[in-house]
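Here the structure comes first, spelled out in structure tokens, and everything after it is commentary.
The values are calculated or read from the model by the stated rules, or taken from the named source; none is laboratory data. From a predicted model like this one, the values you see are computed outputs, not experimental measurements. Neighbour counts run over all protein chains shown; Cβ positions are idealised from the backbone, glycine included. Ligands, DNA and RNA are excluded from the accessible area calculation, which covers all protein heavy atoms including side chains. Shrake-Rupley method; radii C 1.70, N 1.55, O 1.52, S 1.80 Å.
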Amino acid sequence: PPPYQAEVAARYDATWAALVRALARENVPIRAIARDSGVIASDDFIAPIGVYADCGRVGGDLVEGEALVAFTLFTEPNGTWTRVHVNSKMRTHMQRKGSSGKLRPSPVYQCASTGRFEANLLDAVRELVKE
């Protein structure tokens, strides 16, 4: 899927503060944050496959287990609104094919975002800017 894009009906400063608070509430580990350039990059963190990451199928079996996920958020002012663009990077951490068997670190499969993290984060930001 393409990167997630949204707009928040608030000025840049309010959106930025709400974004930082929303990430803190979700306990997302931050690797880099630069308000002047509007970039926030998370460290890799582990999430169950199926929540934030869709790792597909191998044969007829779903890939299950844990994924390493990371997000890079780009924000920019757009008048009284703020644009937010979210890139995601995901891969399996410990996985198995289907619901049986032991979790294994290899092979590593690339995953795609389910869009849930991004949508939930922007919903939280929209609520926080109203406060």
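Tabulated data for the structure shown
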item: Simple spin-label estimate for residue 80 and residue 24 in nanometres, 7 Å along Cα-Cβ; result: 2.8
item: For the range 67-131, Kirkwood radius (reciprocal of mean inverse C-alpha pair distance, Å); result: 14.3
item: Where only C-alpha atoms are counted, convex hull volume of the range 1-66 per residue in Å³; result: 119
item: The chain - mean residue ellipticity at 222 nm from DSSP helices (-39,500 (n - 2.57) per run, n ≥ 4, rounded to 500); result: -7000 deg cm²/dmol
item: Charge tally in the Cβ shell below 14 Å around residue 17, where Lys, Arg are +1 and Asp, Glu are -1, residue 17 excluded; result: +3
item: Helix axis angle, 12-25 relative to the chain longest principal axis, alpha carbon, degrees; result: 40
item: The chain, accessible surface, carbon-and-sulfur percent (1.4 angstrom probe); result: 50
item: Solvent exposure of the chain as accessible area per residue, Å², 1.4 Å probe; result: 56
item: Positive-end extreme of charge dipole, the chain - chosen from 45, 105, 122 (charges on Cβ); result: 105
item: Per-selection Kirkwood Rh - the range 34-95 (Cα, Å, 1 d.p.); result: 13.3
item: Volume of the Cα convex hull of the chain, divided per residue and given in Å³; result: 101
